[in-house]
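Working notes, structure below.
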Amino acid sequence: TTGSSIMPQKRNPDVAELIRGKTGRLTGNLMSLLTTLKGLPMTYNRDLQEDKEPLFDSIDTIKISLEGMIEMLGSMAVQKDVMRKAVYSNFSTATDLADYLVKNNVPFREAHEIIGSIVKYCEDEKKDFFKLTVKDLKEFSSVFKEDIIDVINPESSTERKESIGSTAKSEIERQIKVLKELL
């Protein structure tokens, strides 16, 4: 990271931001290739001479991005306590609460309004979102039941998402295993 030019306490994740910025370039190269290919009637045509520049540029861009990512991850120090504090200092599971209401037959627009009211209440009253009780939540909707305490918990939130590529620990472990086998 580097310090911010205007806020000395801030750290900018430069490598990650630069790599993220490269996606526009790669998407542009892909569109260039697709546009060239879509106009081909059959077999080889001289149009395909235009495939080299975006292809080689993409390879170079991916190589340098991977090198930067390897360096960044290799020198990164994960501060679990700081991360945990950050997760519990915002409204990270507000959408989970809205999903809960929707699963219990509350129309989404109404669920959105209810969750907005809860967030506003927490901000106005300086209440900790993650310490709200079932009784507190029932003030906003009678639909909330005892199981809502598990829903509001960020740690159980990630475990509920069990689709392919999700945040559930079992799925992450599966993905790591697949990638290790590929390597």
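The values are calculated or read from the model by the stated rules, or taken from the named source; none is laboratory data. Remember, predicted model here, so these are calculated numbers, not experimental data. Here the Cβ is made from the backbone with ideal geometry for all residues, glycine too, and neighbour counts use every protein chain on show. Ligands, DNA and RNA are stripped out before the accessible areas are found, and what is left, the full protein with its side chains, is counted by its heavy atoms. Shrake-Rupley method; radii C 1.70, N 1.55, O 1.52, S 1.80 Å.
Roughly speaking, what is the stretch gain from V102 to V87, that is 0.36 nm per residue apart minus the C-alpha to C-alpha distance, in nm to one decimal?
Separation in residues times 0.36 nm, less the Cα-Cα distance, equals 3.0 nm.
In sequence order, what are the phi-derived ³J(HN,Hα) couplings for the range 29-36 according to the Karplus relation 6.51 cos²θ - 1.76 cosθ + 1.60 with θ = phi - 60°, rounded to whole Hz, with x for glycine and proline?
5, 4, 4, 4, 5, 4, 5, 5
By how many nm would the segment from R25 to A77 grow when fully extended, if each residue of separation counts as 0.36 nm and the alpha-carbon distance is taken off?
Here the segment from R25 to A77 would lengthen by 15.8 nm.
Regarding the range 21-94, what's the average projected area of the Cα-atom convex hull, expressed in nm²?
So the mean shadow area of the Cα hull is 8.4 nm².
Return the loop-located chymotrypsin sites (Phe, Trp or Tyr not before Pro) in the range 2-93 (DSSP other than H, G, I, E, B) with at most 14 other Cβ atoms within 10 Å of their own Cβ; answer none if there are none.
For chymotrypsin sites (Phe, Trp or Tyr not before Pro) across the range 2-93 that sit outside H, G, I, E and B with at most 14 neighbouring Cβ atoms in 10 Å, the list reads Y44.
Give the carbon-plus-sulfur fraction of the accessible surface of the chain in %, rounded to a whole number; probe 1.4 Å, heavy atoms of protein chains only.
Summing carbon and sulfur atoms, their accessible area is 59 percent of the total for the chain.
For Y121 and R46 in one chain, what is 0.36 nm times their gap in residues minus the Cα-Cα distance, to one decimal in nm?
20.5 nm
Tell me which residues come under 5 Å, amide H to amide H, from A168 once H is placed; ignore anything under 5 positions away on its chain.
Placed amide hydrogens put K161 under 5 Å from A168.
Once both axes come from the Cα atoms, what is the angle between helix 94-103 and the longest principal axis of the chain, in degrees from 0 to 90, rounded to 10?
80
Which FRET efficiency, nearest 0.05, do V134 and I59 yield, Cβ-Cβ r, R0 45 Å?
0.20
Cross-link candidates for K127: which lysines have Cα within less than 21 Å, leaving aside residues fewer than 8 places away along the same chain?
Partners found: K85, K135, K138, K145.
Pick from I118, I149, I164: which is most flexible by mean-square fluctuation in a GNM of the chain where alpha carbon atoms under 10 Å apart are linked?
Among I118, I149, I164, the largest mean-square fluctuation in the Gaussian network model of the chain belongs to I164.
Would you mind working out the accessible area per residue for the chain, using a 1.4 Å probe, and quoting it in Å²?
Counting only protein heavy atoms, the per-residue value for the chain is 76 Å².
Determine ³J(HN,Hα), in whole Hz, for all residues of the range 74-90 in sequence, where each value follows from phi through the Karplus function 6.51 cos²θ - 1.76 cosθ + 1.60 and θ = phi - 60°; x replaces Gly and Pro.
Karplus values, whole Hz, x for Gly and Pro: x, 10, 7, 10, 7, 10, 4, 5, 5, 5, 4, 4, 5, 5, 8, 10, 9.
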